[in-house]
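Peer 1: I have a structure here, written as structure tokens, and I will follow up with some questions on it.
The values are calculated or read from the model by the stated rules, or taken from the named source; none is laboratory data. What you see is a predicted model; the values in this text were computed from it and never measured. Virtual Cβ from ideal backbone geometry, glycine too; neighbours counted across all protein chains shown. Just so you know, the surface numbers come from the protein's heavy atoms only, side chains and all, with ligands and any DNA or RNA stripped out. Shrake-Rupley method; radii C 1.70, N 1.55, O 1.52, S 1.80 Å.
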Amino acid sequence: MAVYDVLHADDVPEGGSALVRLEGREIVVYRVGGQYYALNNYCPHQGAPMCAGLVSGTTEPAGVYEYAYGREGEIVRCPWHGWEFDIKTGKSLFSERTRVKSYRVEVRDGRIGIVLGERGTAP
Ligand code: FES
């Protein structure tokens, strides 16, 4: 496991994202509610760049004839075919088995670090 210092915390505005290249891969760092999350810049469907995806919310369970919109800023929509993913986990909104690879993020002394090589992530 290694932590790679990639950005200053101020490089990613609230609700925004930043693309970094790290050890041969592209990773998108998102800032949601003051927390940072990192997803692979590669959609598991056909490889679209997730950095070009719209960040928004989604509809939530509601009663009949009701419309409930929520989770604003927590969902990224793939720019090619619209699959939606939870920025905080990388999981798709439609299947437990489909996800964008995510990485743990550590923030220390105003610097953002991405952790590679943890169990479940590629070294
Ligand atoms: S490439 Fe992302 S949904 Fe198709």
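Peer 1: What residue, of P13, P123, P61, P44, is within 16 Å of the ligand (Cβ to nearest atom) and either on the phi < 0 side of the Ramachandran plot or at pLDDT below 95 (or both)? Quick ask: steps written out before the conclusion?
Peer 2: Numbers: P13 fails: within 16 Å of the ligand (Cβ to nearest atom); P123 fails: within 16 Å of the ligand (Cβ to nearest atom); P61 fails: within 16 Å of the ligand (Cβ to nearest atom).
It is P44.
Peer 1: For the range 2-18, how many residues meet the condition of being in a strand (DSSP E or B) and loosely packed, with under 14 Cβ neighbours inside 10 Å? Break it down stepwise before answering.
Peer 2: As a first pass, look at the range 2-18 and keep what is in a strand (DSSP E or B): 2-8, 17-18.
Next, from what is left, pick out any that are loosely packed, with under 14 Cβ neighbours inside 10 Å: 2, 5, 8.
Final tally of qualifying residues: 3.
Peer 1: Ok, one more. Please report, ordered by residue number, the strands (runs of 3 or more DSSP E) entirely within the range 46-123 with at least 2 residues that are touching a residue at least 60 places away in the same chain (Cβ under 8 Å).
Peer 2: Because the criterion is at least 2 residues that are touching a residue at least 60 places away in the same chain (Cβ under 8 Å), the strands (runs of 3 or more DSSP E) in the range 46-123 that meet it are 102-108, 111-116.
Peer 1: Filter the range 75-94 for residues that are more than 12 Å from the ligand (Cβ to nearest atom) and either touching a Leu at 6+ places or on another chain (Cβ under 8 Å) or open to solvent by less than 40 Å² (accessible area, probe 1.4 Å) (or both) and give the result.
Peer 2: I75, D86, I87, G90
Peer 1: Looking at G70, is it away from the ligand (no atom under 15 Å from the Cβ), more than 15 Å from I114 (Cβ to Cβ) and open to solvent by less than 60 Å² (accessible area, probe 1.4 Å)? Working first, answer last.
Peer 2: On the way: away from the ligand (no atom under 15 Å from the Cβ): yes; more than 15 Å from I114 (Cβ to Cβ): yes; open to solvent by less than 60 Å² (accessible area, probe 1.4 Å): yes.
Here the answer is yes, as G70 does meet what is asked.
Peer 1: Among the residues of the range 50-57, are any within 16 Å of the ligand (Cβ to nearest atom), hydrophobic (A, V, I, L, M, F, W, C), open to solvent by 80 Å² or more (accessible area, probe 1.4 Å) and under 24 Å from I114 (Cα atoms)?
Peer 2: yes
Peer 1: If G110 passes every condition in (1) at positive phi; (2) within 15 Å of the ligand (Cβ to nearest atom) but one, which one does it miss?
Peer 2: Failing condition for G110: (2).
Peer 1: Please enumerate the residues belonging to the range 30-40 that are more than 17 Å from G117 (Cα to Cα) and open to solvent by less than 70 Å² (accessible area, probe 1.4 Å). Step through it out loud before you land on a result.
Peer 2: Filtering the range 30-40 for residues more than 17 Å from G117 (Cα to Cα) gives 30-36.
The answer is Y30, R31, V32, G33, G34, Y36.
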